[in-house]
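For reference, the structure discussed in these notes is given below.
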C-alpha cells in the first residue's frame, strides 16, 4: 500500500499476527509485556514471564506485584507497583532495574501507550539483560516493527525537541529529504493553517516536559493532505529528559467520516428546519382567508425562512393582461396600477417564462433586463439589491408570482431555492382559495343584504335602528334577519330571527318566514296570533331540522305599549335612561314549529328608553358561553355614555364594538332597536 493513501491498513488481531511478530513475542531475547487500563497483564512473552519468575499463562490477568508476590518476591512487588503508579500519575516513561532470585539483572522501561482505536491508556514494559547492550539496536527495531503492525509510525527527538534521527516513513509520505526533515523541519510539511498551532503545542510540551498530543494535516508528496495524530512522551533519565519518543497515526478516514457526519447532520438539521418552516407556512396559509392575509403570512415566512426584507405577490387582473402587486408592508417599487408581462422586473419575467428568476445583484438585474431604465428607477426608489421571483401555478397555468427582495446582495443556495419553490406552490393554493373566498363572500354578503329591508320605516314618535355585520369565517348566506314595518292601525311591528344553518336552504327558509310573518301581521297583528300562524306554516313547509327562533313585537307610539312574543330567542335588552339596562324578564316559548301555546307579554316603553333585539353572534362565541355573554351585555350597556344611550344607532354600534372586542367573530351579528324619544316640552308649546 502506498504511504500516501488516506486509508489505514486493517487492524491485525493477536491471533493473526505475522510469524515474525509472533517470534518477537515468544523468542526475543528481550522481555515485553503490555498492561491493560486496569494494570493487569494482557500480553507477555516468555522472556518477560521469566523476569517475574513465572510463565505467561500464570501472569495473564494478574498485576505485576501479584505475580511477584506469587513468586515470593515481595520487595520486587512493591518496586513494580510504585513504577506502575508513577507512570500513571506522570504520564512519563520510568526506568528501573530488577534482580531476579536467580541473580539475573534486568533493565526495565515502563512507558505509557495509547490505544489508537479507543484511547484506552495501556502501559508497555520492556526488559533487557545487562549483557545484551550490543543487541539494543535490534531490540529497538523489533519494538518499532511491533508498533508498526498497529499502523503507527515511530519517531524520536532529542531532549530539546529537535529531530535527530531519520524517519523514512515520514519522508516517504511527505517527500522531504533528510536535511529538510531534521531539526524542526518536519513542521514545514504541515498544512499552513495547522503549522503555527502544532509548533506552539510542541514547544510547550518540550518546555513543560508534558505529553504531546496534536492532530494536523500533512502535505503529501503528490500535493494532497492527510490527517495525522501525533503523540509523544519524554524519556526521563533521573530529572533530565533523555529523549522524546512518539507515534504518528493516520486518522484521515476517521476525520473524513467525522466531517461527512457533521455535514450530514447539518444538512439534516437544515432540511428539518426548512420542513418545519414549510409546515408552519402551510398552517399559516390555511388560516388566511383573503389575498391580503396570504401576503401578510408570506411576508413573515419570507423574513424568517430566507431573510427577505420585502415580500410581495403579483396577481393577474380579470383580463389576465396585467399584473397588480400586493405587499404587506406598503412597499411600492413597481407601478401601482399594475404592469404587463413585458415589464422589466423579475416578477413579470417569472410569470412570462413560468420559471424562477434570480438576480443576486443590481448588475445581474441590469443584465437580465438589458439595462432597462425602469431598473435604475427601482434602485433609486428602493433599497433592493437582490431579487427572487417564482411563478405561482394553478391548474397548469400561471396566476401570478411570489416576489422576494433583499436590501443586500446575496446568492440563493440550491436548498433555499427548493424551499422557495415549495413555498410558491403553497402560496398559489392559498391565493386560489382566497380569490374564491373573496368572490363567494362578496356574493353571499350581497345576497344576505338583499334579504334584509333596504330601509326602516319613518314613524312619528318612534326611532328605529338596525345593524348587521357578517361573520368572517364563512362564505355562505347566514340565517340572521330582521324586519320592521308600519301596521294599518298606526302601530309599528318589528321582528328579529335566526334560521339555524347556512347557505341557500337557510336563506330560502328565512325568506319564507319573513314573507309569511308580514302577511299574518297585516291580518292579525297581535304577536301570539302571528307566531301561532307561523307555527302552522312552518309545520307545512319547513323540515323539523330547520330550527328557527325569533322575537316579534308591536309598539304603539302614542301610549308606549309594547306587545311581544318570543319563540325560543334570546331576551331583549331594555336600556332605560335612568334605571340602568336589563334583560326583559320573560320566559321564551319554544322555537317555531314546536307545538305550544304562544305567550303574549305586554309592557310600556318609557320616553328615552330603548329596546334592542339581537342575534346570538353578539353574545356567544368559542370562548364565551351564552350566559356569560348575556351578563357581559348588561355590563357593557350600563357603561354607555348618555349621548350613546340617546341615539339608538350609536347604541347598537357601541354594543357590537364593545362585545366583540378581543374575540374572533364566529357568526353573523344582527341587531334591531326601537326607541321612544324624550319629548321636548318646549317644542310642544
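For the Cα atoms of the chain, what angle does the longest principal axis make with the long axis of helix 136-148, in degrees from 0 to 90, nearest 10? So the helix axis and the longest Cα principal axis differ by about 20 degrees. Taking the range 30-61 and a reference point 7 angstrom along Cα→Cβ of residue 115, the backbone N atoms nearer than 18 Å belong to 33-44, 60-61.
Using a cutoff of 8 angstrom between alpha carbon atoms and counting only pairs six or more residues apart, the relative contact order for the chain works out to 7 percent. Shape summary of the chain, radius of gyration then Dmax from alpha carbon positions: 47.3, 147 Å.
Label-to-label distance, residue 88 versus residue 413, with points set 7 angstrom from Cα along the beta-carbon direction: 4.8 nm.
Fully extending the segment from residue 268 to residue 449, taken as 0.36 nm per residue of separation minus the present Cα-Cα distance, adds 59.7 nm. Measuring r between the beta carbons of residue 523 and residue 435 and using R0 = 51 Å, the FRET efficiency lands at 0.60. Mind pulling the angle between the C-alpha long axis of helix 527-541 and the longest principal axis of the chain? Nearest 10 degrees, somewhere in 0 to 90. For 527-541 against the chain, the angle is about 60 degrees. Figure legend: label point modelled 7 angstrom from the Cα of residue 95 along Cα→Cβ; residues of the range 220-244 with amide N under 20 Å from it are 232-244. Relative to the longest principal axis of the Cα atoms of the chain, the long axis of helix 414-450 lies at roughly 10 degrees. Extent along the principal axes, Cα only, for the range 375-467: 73, 36, 20 Å, with the longest axis given first. Take every pair of alpha-carbon atoms less than 8 Å apart whose residues are at least six positions apart; their mean separation over the length of the range 452-684 yields a relative contact order of 26 percent. Considering helices alone, the calculated mean residue ellipticity of the chain at 222 nm is -12000 deg cm²/dmol, with DSSP H runs of length four and up weighted by -39500 (n - 2.57) and normalised per residue. The simple spin-label model puts a point 7 Å past each Cα toward its Cβ; for residue 257 and residue 600 those points are separated by 9.7 nm.
Against the compact-protein benchmark of 2.2 N^0.38 Å, the Cα-based radius of gyration of the range 452-684 scales to 0.97.
Just subtract the alpha-carbon distance of residue 60 and residue 42 from 0.36 nm times their residue separation and send over the number in nm, one decimal.
On the way: separation 18, 0.36 × 18 = 6.48 nm, distance 0.58 nm.
Between residue 60 and residue 42, full extension yields an extra 5.9 nm.
Calculate, for residue 237 and residue 364, the FRET efficiency according to 1/(1 + (r/R0)^6) with r their C-beta to C-beta distance and R0 60 Å; round to the nearest 0.05. Rounded to the nearest 0.05, the efficiency is 0.30. Taking the three principal axes of the alpha carbon atoms in the range 267-443, the coordinate ranges are 45, 42, 29 Å, sorted in descending order. Pairs of alpha carbons in the range 151-250 separated by more than 21 Å make up 26% of all such pairs. Placing a label point 7 Å from the Cα of residue 487 along the Cα-to-Cβ direction, the residues of the range 547-575 with a backbone N closer than 13 Å are 552-565. Projecting label points 7 angstrom from Cα along Cα→Cβ for residue 222 and residue 204 puts them 3.5 nm apart.
For the range 518-560 versus the range 610-685, the inter-centroid distance based on Cα atoms is 24 Å.
The numbers here are math on the coordinates, done by the rules we state, and not lab data. Note that the structure is a prediction, hence the values are computed from the model and not measured. A quick note on method: Cβ atoms are made from the backbone with ideal geometry, for glycine too, and the neighbour counts reach across all protein chains shown.
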